[in-house]
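Here the structure comes first, spelled out in structure tokens, and everything after it is commentary.
The values are calculated or read from the model by the stated rules, or taken from the named source; none is laboratory data. This structure is a prediction, so every number in the text was calculated from the model and none was measured. These area figures cover heavy atoms from the full protein model, side chains too; ligands, DNA and RNA do not enter into them. Shrake-Rupley method; radii C 1.70, N 1.55, O 1.52, S 1.80 Å.
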Amino acid sequence: MKNRSWMVYSTVALLALLTLGPVGCVSQRQYDDQVKLYRRSQEQVAQLQAQIEELNARIKALTEAARPGDADLADKLAKALADRDAMAKKLQDALDKLAQGSGTYGPLPSDLDQALRDLAASDPNLMEYDSKLGMVRFKSDLTFALGSTEVTAEGKRALQKLADILARPVAQGYEARIVGHTDNVRIARAETRAKHPTNWHLSVHRSIAVKDVLAGAGVPEVRIGVAGYGQNRPVVPNGQRGAAQNRRVEIFLVPNNYTGPGTAGEGAAAAAPVEVAPAPAPAPAPAPAEVDDPAFK
């Protein structure tokens, strides 16, 4: 129980560390590096906690089975305890390393952060907000018609509210980075495949559709970027019909350091980057092979 409490405390400490540091604009590279560090640390802590839990279960079983004079069992118990202590040290080292690199990253300004919290709370079935990443996540099943890039009326209303937030003075130093994701269900319908040949295409095309709504609502396109990862960054394992959690569009508010043409609105339409992201490193929940389900897409 003491060890479990310590692990809970460590997780809370990790999240607390990520919100420390001065609030303000940092370079794009610093922001991206800190987001990567946050995600890697989450994965590492989860893995270490799982290993510690397994060792705790083994220690419990060995303790219950222990008999006086059983040297072999005593050796196994001693090794399990040593392994658990080593895992605990690795977890603490990860937290210490994160603390050393957290000075350049802080949360969004409080007014902007609260506005995004309120936005997500206004329709929790459609979207959610991660304050650690400054990211609003839209659920594709409610944001788009089936297998298409047509934004639903509900999605347009929510994006209009987001555009209003981006127009506020507190948000002027930030841009919207839109990232599309799909599950692993292959594009099966011929009419869908003609417009979006692969999940890569669908993820990017949906990002562009979101960009179009935000731009139509008044967000200068010079403050918008789009990308897509297809099926390659699932947040949960896919099943036979994929997984709803993996079908999503994420909008990150990141420091805007662009000072070239279009910053005042002129030429903005030509300045919006359209990026198909390169194949990423393996995700914590690797995507299984694509599956066919003509009724789905």
Where does each of Thr152, Thr182 land when they are ordered by accessible area, with a 1.4 Å probe and the largest first? Thr152, Thr182
On a 1.4 Å probe surface of the protein chains, which of Lys156, Lys211 comes out largest in accessible area, and what is the full order? Lys156, Lys211
Cα-based Rg/(2.2 N^0.38 Å) for the range 208-263, rounded to two decimals, is 1.48
Quick P(r) readout (the range 123-182; Cα-Cα; 5 Å bins; whole %) gives 4, 15, 25, 28, 17, 8, 2, 0
Tell me the Rg and the Dmax, in Å, that the Cα atoms of the range 107-257 produce. 14.9, 47
